[in-house]
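> Submitted below is the structure of interest, expressed as structure tokens.
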Amino acid sequence: MTANTGTKGIAILALRLVAGWAFLFAGLQKLLGAEPFSAFGFLSFGTAGTAEGAVEGAIVNPTNAFWVSLANNGPVLDVINFIVPFGQVAIGVALILGLATRFAAVMGFLMMAGFSIAAWDFAHGIVNHTVLLGVVALFLGVIRAGEAYGIDAIVDEQPIVKKTPALRYVLG
């Protein structure tokens with residue numbers, strides 16, 4: 001039995017679908033919400049960080065000034081306001097379909113790593129939902145999860161992909 005079929009394949013598919021849904025849902029909430037999405041509030045006021053034993057309201061995130069500067073730079077904030085929701089939707093759809101899974105997984109990991117550093121939320125330990133989702137996304141890329149009941153399994157068999165190892169590496 002290969003990792004693409006059977007119980008192992010179904011488990012990989014299930015993890016890919018759950019992680020994909022988490023990204024897709026977060027992006028859709030931002031795109032379809034009553035208010036237009038803006039990262040301004042989070043970047044300005046949600047990046048002070050938390051740490052066990054820190055005084056409430058203290059800035060414990062050493063990268064806080066960087067995030068606040070992004071919030072106050074209109075053109076950069078516009079890019080962030082586009083990249084975050086559309087990136088979440090694209091990552092979610094790619095993971096759900098199992099299409100370009102490795103690329104989507106790396107992008108999901110990088111997005112969650114950025115969120116984790118920006119939030120600096122360590123009051124309850126180093127593992128929170130963004131860290132967990134980032135690690136799961138990276139894991140899905142490493143194990144080539146798109147080959148388990150995903151479109152990547154079909155794309156991998158195409159002659160151009162077989163002749164171009166770099167494509168197969170990105171897809172998986």
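No value in this document is a laboratory result; all are computed from the given coordinates. Note that this is a predicted model, so its numbers are computed, not measured. Neighbour counts run over all protein chains shown; Cβ positions are idealised from the backbone, glycine included.
> May I ask you to derive the FRET efficiency for I59 and V79 from their Cβ-Cβ distance with R0 = 30 Å, giving the value to the nearest 0.05?
The calculated FRET efficiency here is 0.75.
> Return one number: the angle in degrees, 0 to 90 and rounded to the nearest 10, between the long axis of the Cα atoms of helix 101-119 and the longest principal axis of the Cα atoms of the chain.
10
> Here is a further query. Separation between the I117 and E35 pseudo-spin-labels, each 7 Å from Cα along Cα→Cβ, expressed in nm?
2.7
> Separate question: Report the semi-axes of the equivalent ellipsoid for region 71-138 in whole Å, largest first, where each axis is √(5λ) for an eigenvalue λ of the Cα gyration tensor.
21, 19, 7
> Can you give the relative contact order of the chain as a percent, counting alpha carbon pairs under 8 Å and 6+ residues apart?
29
> Hey, could you grab the Kirkwood Rh for region 23-123? Inverse mean 1/r over distinct alpha carbon pairs, Å, one decimal.
Mean inverse Cα-Cα distance, inverted, gives 14.6 Å.
> Grab the Cα-Cα distance for V68 and V135, subtract it from 0.36 nm times how many residues apart they are, and report the gain in nm with one decimal. Don't jump to the answer; show the numbers that get you there.
Details: separation 67, 0.36 × 67 = 24.12 nm, distance 2.62 nm.
My answer for the length gained is 21.5 nm.
> Now a separate question. Taking amide hydrogens as modeled 1.01 Å from N in the peptide plane, which residues meet the under 5 Å criterion relative to A51, leaving out close sequence neighbours?
When sequence neighbours closer than 5 places are left aside, the close amide H contacts are F122, A123.
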